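For reference, the structure discussed in these notes is given below.
The values are calculated or read from the model by the stated rules, or taken from the named source; none is laboratory data. In this text the structure is predicted, and so the values were computed from the model without any measurement. Positions of Cβ are generated from backbone atoms using ideal geometry, with glycine treated the same way; all protein chains shown enter the neighbour counts. In case anyone asks, the SASA skips ligands and DNA or RNA and just uses the protein heavy atoms, side chains included. Shrake-Rupley method; radii C 1.70, N 1.55, O 1.52, S 1.80 Å.
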Amino acid sequence: MKQKITIEANIWCDKCRSKAMKIAAVEDGVKSVAFKGARRDQIEIIGDDVDATGLTGLLRKKLGYADLVSLEEITETKVGKEEKKPSPDCPIRGRRGCHHHEMELHIYDPPSGGCTIM
């Protein structure tokens, strides 16, 4: 079961952010970790069967303050809406702004039969 966990923590500096990121990233089942909020003091964790209370406890132990704000299940319909359909602009993959352009290859074949040194 995919779930999205939001934890508010005591995060004031980049060192605290990297510490919180390391703690959350090594937990079993975590797919992505992101910071959100006006002061970037909320950690949004997406994963499969993540122990939210255990993770909150670890963050509380290492950072001093952590509070579980929300825990919601992600259904397959939400995941399907996030994916974008390719547009027909690219001839190879059908994506906009791709870098697959047609290339022309010009080969110079000098006339044979003469001395190539002089």
Considering each residue of the range 21-30, count those that are without any contact (Cβ under 8 Å) to a residue 24 or more places away in the chain and either outside any loop (DSSP other than H, G, I, E, B) or among the β-branched types (Val, Ile, Thr) (or both), and give that number. 5
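Can you pull out every residue in the range 52-64 that is exposed (fewer than 14 other Cβ atoms within 10 Å of the Cβ) and either among the basic types (Lys, Arg) or under 13 Å from residue 23 (Cα atoms) (or both)? Don't jump to the end; show me each part of the working.
Restricting attention to the range 52-64, the residues satisfying the condition of being exposed (fewer than 14 other Cβ atoms within 10 Å of the Cβ) are 53-54, 57, 61, 64.
Selection gives 54, 57, 61.
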Could you check how many residues of the range 11-51 are more than 18 Å from the chain's Cα centre (by Cα) and open to solvent by 50 Å² or more (accessible area, probe 1.4 Å)? 9
Kindly list, by first and then second residue, each pair from a residue in the range 5-19 that is within 25 Å of residue 48 (Cα to Cα) to a residue that is open to solvent by 50 Å² or more (accessible area, probe 1.4 Å) and in a helix (DSSP H, G or I), limited to pairs with Cβ atoms under 7 Å and residues at least 6 apart or on different chains. 19/62
In the range 1-20, what count of residues is obtained for those that are assigned to a helix (DSSP H, G or I) and of a type in the set (A, V, I, L, M)? 1
